[in-house]
Amino acid sequence: MAKTLLLLPGDGIGPEVIAEVRRVLDALALPLSVSEAPFGGAALDAEGVPISDTTVRAAIAADAVLMGAVGGPKWASAPRDKRPEAGLLRLRKDMAVFANLRPALCFAALADASPLKPDLVAGLDIMIVRELTGGVYFGEPRGIETLPGGGRRGVDTQVYTTAEIHRVARVAFELARKRNNRVHSAEKSNVMESGLLWREEVTALHKAEYADVKLEHILADNCAMQLVKAPKQFDVILTDNLFGDLLSDEAAMLTGSIGLLPSAALGEAGRPGLYEPVHGSAPDIAGKGIANPLAALLSLAMALRLSLGFAEAADRLETAVRAALDAGARTPDLGGASTTHAMGDAVIAGLR
Ligand code: IPM
Ligand code: MG
């Protein structure tokens, strides 16, 4: 039976970049069954919820899910549980994709597009492994309550268990073994109990099963600083949900543009992966036809390789992306004037 890929275009520039994904899929002509469903604000408008039960079921039943982006000013005042972001968090949780792989790779052609000096970032190849289904994003209790005296009190809970830490740390160690064999584990063990547990559990797992990998613990704030000071010291960065959100945006910018960064969210072996460009819905440029589709196309490459069994097509696609950049294709985020469509054309040309 053909493998199945569910596309969730979503909001903002999501539909524009997913349109290029469709064109590239047509050009690749793989035996793949592709379907599409509403997601985020688009789903809220059409179905009254940011993701429907039907769409969640289709996602869990697919081999891979590739989304565009969710959110935008139009839905900013929707109740929290109806906001597009709530749909994304539910999808991550229900698909149980606990390990979010966010590579920050600096393409040779783009070393001077980075705000850092080219020699600091040329050849940069970092993999951030962000815990994605736990921590403060999901911890209970949470909420805003009114105090007797009239003020209010907002609460979030950062919580991790041994099992949650070990399963994501395993992903980081396994990846490191296939790369440069180094893991930096980032937390705030100097102030947070969950951070101290994180450090102790990563240390224990490392000692028991991954002693061959070089492990260093780093405080998350120092990690943020080191990322701009000397980014090439990093190979794999393992971190929690919230610090991973911050550090991956920072790492993305090292590469020249957040418009280039793909990501994969993986669960237990054999379960479908969720693939998403890191850039978000970019409402400021939505509808203008100038969004960079490369993050979405590189996310497709990750899906082809990690969930769909088309490693060779993934290699071809990544080579075509590199060729498009070498040939000078640049959307405005990269300092050029190419349209989304022209960027897609350049990649498709590279596939031939
Ligand atoms: C990301 C985004 C999301 C997150 C938002 C849209 C909920 O910033 O994927 O990094 O915070 O995880
Ligand atoms: Mg983010």
Considering each of ALA19, ALA46 in turn, give the residue that is of a type outside the set (Phe, Trp, Tyr), in the same structural domain as ASP345 (by TED's automatic domain parsing) and either over 20 Å from the mean Cα position of the chain (by Cα) or over 23 Å from VAL347 (Cβ atoms) (or both). ALA46
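Determine if segment 205-218 includes at least one residue that is in contact (Cβ under 8 Å) with a residue 24 or more places away in the chain, within 16 Å of ligand 2 (Cβ to nearest atom), within 24 Å of THR133 (Cα to Cα) and hydrophobic (A, V, I, L, M, F, W, C). Working first, answer last.
Just the residues of segment 205-218 that are in contact (Cβ under 8 Å) with a residue 24 or more places away in the chain, to begin with: 205-206, 209-210, 212-218.
Then keep just the ones that are within 16 Å of ligand 2 (Cβ to nearest atom); that gives none.
Scanning segment 205-218, I find no residue that is in contact (Cβ under 8 Å) with a residue 24 or more places away in the chain, within 16 Å of ligand 2 (Cβ to nearest atom), within 24 Å of THR133 (Cα to Cα) and hydrophobic (A, V, I, L, M, F, W, C), so the answer is no.
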Please count how many residues of segment 34-57 are buried (at least 17 other Cβ atoms within 10 Å of the Cβ) and within 12 Å of LEU91 (Cα to Cα). 7
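Does segment 171-194 hold any residues that are assigned to a helix (DSSP H, G or I) and touching a residue at least 40 places away in the same chain (Cβ under 8 Å), and which are they? Explain how you work it out, then say what you get.
Of all residues in segment 171-194, those assigned to a helix (DSSP H, G or I) come to 171-178, 193-194.
Listed by number, the residues that qualify are VAL171, ALA172, PHE173, LEU175, ALA176, SER194.
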When you look at ALA27, is it in contact with a strand residue (DSSP E or B) (Cβ under 6 Å, 6 or more places away or on another chain) and in a helix (DSSP H, G or I), yes or no? no
Counted residues in segment 238-257 being more than 15 Å from ligand 2 (Cβ to nearest atom) and more than 19 Å from LEU298 (Cβ to Cβ) come to 1
Only one residue in ARG102, ARG90 is of a type in the set (Lys, Arg) and surrounded by fewer than 19 Cβ atoms within 10 Å (Cβ to Cβ), so which one is that? ARG90
So which strands (runs of 3 or more DSSP E) are wholly in segment 221-320 and hold at least 2 residues that are touching a residue at least 12 places away in the same chain (Cβ under 8 Å) and β-branched (Val, Ile, Thr)? 236-239
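So, ALA61, is that one more than 13 Å from LEU300 (Cα to Cα), surrounded by fewer than 17 Cβ atoms within 10 Å (Cβ to Cβ) and free of Cβ contacts under 8 Å to residues at least 12 places away in the same chain or not?
Details: more than 13 Å from LEU300 (Cα to Cα): yes; surrounded by fewer than 17 Cβ atoms within 10 Å (Cβ to Cβ): yes; free of Cβ contacts under 8 Å to residues at least 12 places away in the same chain: no.
No: the conditions fail for ALA61.
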Criterion violated by THR339 - all others in (1) surrounded by fewer than 16 Cβ atoms within 10 Å (Cβ to Cβ); (2) of a type in the set (Val, Ile, Thr); (3) touching a Gly at 6+ places or on another chain (Cβ under 6 Å) satisfied: (1)
Which listed residue, of ALA291, ALA282, ALA286, is within 16 Å of ligand 2 (Cβ to nearest atom), in the same structural domain as VAL56 (by TED's automatic domain parsing) and closer than 30 Å to ALA76 by Cα: ALA282
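With the structure loaded, tell me whether ALA111 is at pLDDT below 95, within 22 Å of the chain's Cα centre (by Cα) and part of a helix (DSSP H, G or I) or whether it fails that test.
Numbers: at pLDDT below 95: yes; within 22 Å of the chain's Cα centre (by Cα): yes; part of a helix (DSSP H, G or I): yes.
Here the answer is yes, as ALA111 does meet what is asked.
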Taking segment 92-110, which residues are within 15 Å of ligand 2 (Cβ to nearest atom) and within 21 Å of GLU47 (Cα to Cα)? ARG92
Which of the numbered conditions does THR55 fail, given that it passes all the others? Conditions: (1) touching a residue at least 40 places away in the same chain (Cβ under 8 Å); (2) away from ligand 1 (no atom under 16 Å from the Cβ); (3) in contact with a Leu (Cβ under 7 Å, 6 or more places away or on another chain). (3)
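The values are calculated or read from the model by the stated rules, or taken from the named source; none is laboratory data. Worth saying up front: this structure is predicted, and the values here are computed from it rather than measured. FYI the Cβ positions are ideal-geometry reconstructions off the backbone, even for glycines, and counts take in every protein chain you see.
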